């Protein structure tokens, strides 16, 4: 059923002002029914015909003052009156309000636009005043009306005479678990553990000084079925049909007590949590740490007094992580969730790795905003990961040495060639210098130049070999894709020549330089090319390995993608080639591709395998094109790549 519209009578002798008043109600016409009159006479006639909910009248009218429409206050008053005027002053406002006007408004653009809200408020206030007057009159003149108010009270009310219950309202029945009034009326209050006047006086005189008969105090009553009932109770002496009686007013606080218990449990859980927890209160843009647990104090290495004085400044970050911490603080100010990993000072000589996450807490009706932060100490986890990375590096080094063991014969042949040439050119020089005639300087100079060329060739072969098998800390650097390819293939040249396998390299011009640890990525390439070589058996006529690079986009990031394709026997179905200790080769260790995946993923890339369209296999992997993709921060270009 739709609510009845509020009837408003507007009395205004100026048509322009009348139109402005009506226009102010245009946006809310569905709530109001407007009638406009231009004189006191017409207004009184309209009121007699249809009683309005509110009269809005101009103070000065052609046939009198608008205040004449105000009726005497009291039960006989039929409608409220709001006075509006163009030339109002404070004294006029006081006079009309004393006379009984519900409100006083000065004509203005703001006043006209605010009339719908003021009208609703005035009607509401007037109705409340009416209800109050009627209630007070009922309480004064009618015991029946008093009983009705008790019965409809939202709080529980019990009246007792000489220790026995003589009156109980509906809320009291509900709280004490009674179905009918007879289950309570006539029973002694002791049955429900309601304290009598003597008991309450004793409590007042006892050490529990905060409890007094005229105050709301907490008690535990007993329901009809014997279950306890937590209440706030107040007692008052009243007259009940000429008898001295005690009125008990109480309300069920079971839910509140449960909430308080939950809060205590939550506080203890926070205090005993292994993660550091802090709570920040924001007041007019200022941060204040209002609480933190012992774990937080242990992690940051400071007493509670320091947190109260310095706030989150007690979290002292490693200088390389200060920018990240400022992002966390900015998230607190803007009440946005945030999470990051930081390296902080625990004390002068100790550092800790922590993961900090913040979450805003929205409480409706609260004038403050709170943010909860959790500080998780991951120092042991980081150290464990460092140890795993160190062991993986050792294993990768071992695998490089193993690969060199397989290539050593071919590399020895590669080194012997320039050494043999050096020996020949040196012998020729010696013979030229022993000649009895004039020494042929041009020939000697040519031999010496070729000796230098062959020496540099041998040195380059040894340099590549030494770099590949060296045990150095992994470090990210900017590397050209062609350099990666050429160095890796140069190390495998003897094996490829022996197997009569050609390597085709196609580098897309759009492929930028990559940020990688060169030795580690060379190890991945050597492993993939070696596996491709093993996959091409002697009966295969397509003895070629195709390497292709291109620039790809992944989640708004540019990555360099490398593919290595062979025309070999392919990978068995449902076989995870990247699983450690699994190999398709009889003598394989099953670690090469597993280590390769670890290396690629540590660079922020991905490696996977797909069957080739016709025959063979294609291995793909992606590499970062910016230092941020590897380290996560532009200021950490010297960070060790894990």
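The values are calculated or read from the model by the stated rules, or taken from the named source; none is laboratory data. Computed from a predicted model, the values in this text were never measured in an experiment. So basically every Cβ, Gly included, is an ideal-geometry build from the backbone, and we count neighbours across all protein chains shown.
Just wondering, is there one or more residues in the stretch 444-465 that are modelled with pLDDT of 80 or more, within 28 Å of residue 390 (Cα to Cα) and surrounded by 13 or more Cβ atoms within 10 Å (Cβ to Cβ)?
Within the stretch 444-465, not a single residue is modelled with pLDDT of 80 or more, within 28 Å of residue 390 (Cα to Cα) and surrounded by 13 or more Cβ atoms within 10 Å (Cβ to Cβ).
Which numbered condition trips up residue 164, out of (1) surrounded by 12 or more Cβ atoms within 10 Å (Cβ to Cβ); (2) at pLDDT below 90; (3) out of contact with any helix residue (DSSP H, G or I) (no Cβ under 6 Å at 6 or more places or on another chain)?
So the condition that residue 164 fails would be (2).
Quick check on my filter: what residues within the stretch 277-314 are within 16 Å of residue 379 (Cα to Cα) and either outside the structural domain of residue 344 (by TED's automatic domain parsing) or in contact with a strand residue (DSSP E or B) (Cβ under 6 Å, 6 or more places away or on another chain) (or both)?
295, 296, 299
Please count how many residues of the stretch 131-148 are modelled with pLDDT of 70 or more and surrounded by 15 or more Cβ atoms within 10 Å (Cβ to Cβ).
Number of matching residues: 0.
Search the stretch 566-609 for residues being over 36 Å from the mean Cα position of the chain (by Cα) and either closer than 22 Å to residue 479 by Cα or modelled with pLDDT of 85 or more (or both), and hand back the single one that is surrounded by the most Cβ atoms within 10 Å (Cβ to Cβ).
Taking the candidates together, the pick is 566.
Scan the stretch 41-58 residue by residue and report those that are buried (at least 20 other Cβ atoms within 10 Å of the Cβ) and either free of Cβ contacts under 8 Å to residues at least 60 places away in the same chain or over 18 Å from residue 119 (Cα atoms) (or both).
43, 52, 55, 57, 58
So which pairs qualify, if the first residue must be in the stretch 380-395 and closer than 14 Å to residue 595 by Cβ, the second must be at pLDDT below 80 and surrounded by 15 or more Cβ atoms within 10 Å (Cβ to Cβ), the Cβ gap must be under 8 Å, and the two must be at least 6 apart or on different chains?
Final answer for the pair search is 389/642; 392/595; 393/474; 395/591; 395/595.
Enumerate the strands (runs of 3 or more DSSP E) found wholly within the stretch 477-554, keeping only those where 2 or more residues are loosely packed, with under 14 Cβ neighbours inside 10 Å.
Counting at least 2 such residues, we get 502-507, 544-554.
I'm told residue 274 meets every condition in (1) outside any loop (DSSP other than H, G, I, E, B); (2) under 21 Å from residue 383 (Cβ atoms) except one. Can you identify the failing condition by its number?
Failed condition: (1).
So which of 287, 263 is touching a helix residue (DSSP H, G or I) at 6+ places or on another chain (Cβ under 8 Å) and either surrounded by fewer than 11 Cβ atoms within 10 Å (Cβ to Cβ) or assigned to a strand (DSSP E or B) (or both)?
Exactly one residue qualifies, and that residue is 287.
Would the stretch 63-83 turn up any residue that is farther than 25 Å from residue 128 by Cα, in contact with a helix residue (DSSP H, G or I) (Cβ under 6 Å, 6 or more places away or on another chain) and assigned by TED's automatic domain parsing to the domain that holds residue 132?
So far as the stretch 63-83 goes, yes, one or more of its residues are farther than 25 Å from residue 128 by Cα, in contact with a helix residue (DSSP H, G or I) (Cβ under 6 Å, 6 or more places away or on another chain) and assigned by TED's automatic domain parsing to the domain that holds residue 132.
Anything in the stretch 76-100 that is surrounded by 11 or more Cβ atoms within 10 Å (Cβ to Cβ) and closer than 20 Å to residue 18 by Cα? List them, or say none.
80, 81, 82, 83, 84, 85, 86, 88, listed by residue number.
Go through the stretch 555-565 and report how many residues are under 23 Å from residue 528 (Cβ atoms) and either over 28 Å from the mean Cα position of the chain (by Cα) or not in a strand (DSSP E or B) (or both).
Residues in the stretch 555-565 being under 23 Å from residue 528 (Cβ atoms) and either over 28 Å from the mean Cα position of the chain (by Cα) or not in a strand (DSSP E or B) (or both): 7 in total.
Under the condition of being without any contact (Cβ under 8 Å) to a residue 24 or more places away in the chain and over 17 Å from residue 12 (Cβ atoms), which residue from the stretch 101-124 is surrounded by the most Cβ atoms within 10 Å (Cβ to Cβ)?
This residue is 121.
If I ask for residues that are touching a strand residue (DSSP E or B) at 6+ places or on another chain (Cβ under 9 Å), closer than 13 Å to residue 119 by Cα and touching a residue at least 24 places away in the same chain (Cβ under 8 Å), which ones from the stretch 11-32 would you list?
21, 25, 31, 32
Does the stretch 223-239 include one or more residues that are within 39 Å of the chain's Cα centre (by Cα), surrounded by 11 or more Cβ atoms within 10 Å (Cβ to Cβ) and not in a strand (DSSP E or B)?
Looking through the stretch 223-239, none of the residues is within 39 Å of the chain's Cα centre (by Cα), surrounded by 11 or more Cβ atoms within 10 Å (Cβ to Cβ) and not in a strand (DSSP E or B).
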